[in-house]
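> One structure coming up, written as structure tokens, with questions to follow.
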Amino acid sequence: MSKPLNAVITGSTSGIGLGVATAFAAEGYNVTLNGFGDAGEIEGIRSGLEDKYGVKVLYNGADMTKPEEIRELIAETQTAFGQVDVLVNNAGIQHVSPIEDFPEGKWDAIIAINLSSSFHTIKAAFGGMKARGHGRIINIASAHGLVASPFKSAYVAAKHGIVGLTKTVALEGAEHGVTCNAICPGYVKTPLVEAQIPDTAKARNMTEEDVVQKVILEAQPTKKFVTVEQVGALAVFLASDNAASITGAAYQIDGGWVAK
Ligand code: NAD
């Protein structure tokens, strides 16, 4: 495909999403950023990517629990850049709690942000991709899209759900040049992981240091965190022409976690 292509990355003001957005900008894609945070910091990220990589970078603060705002995120990108070539569904939150204490509101929010938002973005972007005979949809699932851990009922349900959605969209796009794949990272040291350490310590009656060593890094045979740069590089590959025959896949990038 001739460049520049345009990529939308949800939840890209922090962590993995920011790493993926940076990787696409570095490849010459125009990028739409999305996510919450301090307005000044977000503007710094947006203009920093534009200046460093000479691409156009848009920010849209759509709340991924709100379908109308999600549709507007895709529409604004189409208006600004002409079309959405790559859609990365990344926004996500976590809550760690035994199921009998799991707050209903947290369940609803996790299903909305980590699963349903991807239905809404895909629904809004898919028609254009199909009509042009080219599109790349990449869903940031998790090792928890393939295996479970205790105390993460909503997250594991949402991530297994998105792996299923990935397969369905792959089948619907297969004859139209539209691929859909999931990336399943193990632990990446981002604010999302750092925030769950105290709750996991409480739920498992452990110290926070023990959570890092005996729960988090114990899950990964490499005993190392996955990096946002590694996830970004895989996403860029899945968006490339060489990945045209890869669709419906769930790529583990988890230091061997799911192989155990
Ligand atoms: P993070 O907290 O650093 O980033 C989450 C991003 O989502 C932020 O930009 C935040 O503003 C945005 N966001 C949250 N709620 C939103 C909403 N309602 N609307 C719009 N944006 C919203 O987290 P992260 O670790 O980078 O996680 C990114 C994705 O990667 C998530 O889907 C997560 O489940 C997945 N993941 C993370 C890990 C890990 O170890 N960090 C592992 C596997 C999968």
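Bear in mind these aren't lab numbers, they're just calculated from the coordinates by the rules spelled out. As the structure is a prediction and not an experimental result, all values here were calculated from the model. Positions of Cβ are backbone-derived with ideal geometry, glycine not excepted, and every protein chain shown enters the neighbour counts.
> What tally of residues in the range 1-14 results from selecting those that are within 13 Å of the ligand (Cβ to nearest atom) and among the polar types (S, T, N, Q)?
Going through the range 1-14 one residue at a time, the tally reaches 4.
> Given the condition farther than 18 Å from Ala91 by Cα, touching a residue at least 40 places away in the same chain (Cβ under 8 Å) and among the aliphatic types (A, V, I, L, M), answer yes or no: does some residue in the range 203-217 qualify?
Checked against the condition, which is being farther than 18 Å from Ala91 by Cα, touching a residue at least 40 places away in the same chain (Cβ under 8 Å) and among the aliphatic types (A, V, I, L, M), the range 203-217 yields at least one hit.
> When you scan the range 15-29, do you find a residue that is within 10 Å of the ligand (Cβ to nearest atom), surrounded by fewer than 18 Cβ atoms within 10 Å (Cβ to Cβ) and either on the phi > 0 side of the Ramachandran plot or not small (Gly, Ala, Ser) (or both), even just one?
no
> Against the definition (surrounded by 17 or more Cβ atoms within 10 Å (Cβ to Cβ), part of a helix (DSSP H, G or I) and hydrophobic (A, V, I, L, M, F, W, C)), how does Leu171 come out, yes or no?
Spelling it out, it is not the case that Leu171 is surrounded by 17 or more Cβ atoms within 10 Å (Cβ to Cβ), part of a helix (DSSP H, G or I) and hydrophobic (A, V, I, L, M, F, W, C).
> Just a yes or no: is a residue in the range 58-68 away from the ligand (no atom under 11 Å from the Cβ), at positive phi and surrounded by fewer than 22 Cβ atoms within 10 Å (Cβ to Cβ)?
Within the range 58-68, not a single residue is away from the ligand (no atom under 11 Å from the Cβ), at positive phi and surrounded by fewer than 22 Cβ atoms within 10 Å (Cβ to Cβ).
> Checking Val96 against (1) crowded, with 20+ Cβ neighbours inside 10 Å; (2) closer than 24 Å to Met129 by Cβ, only one condition comes out false. Which one?
(2)
> Report the residue count in the range 69-101 for those that are within 11 Å of the ligand (Cβ to nearest atom) and within 23 Å of Gly28 (Cα to Cα).
Summing the residues that are within 11 Å of the ligand (Cβ to nearest atom) and within 23 Å of Gly28 (Cα to Cα) in the range 69-101 gives 5.
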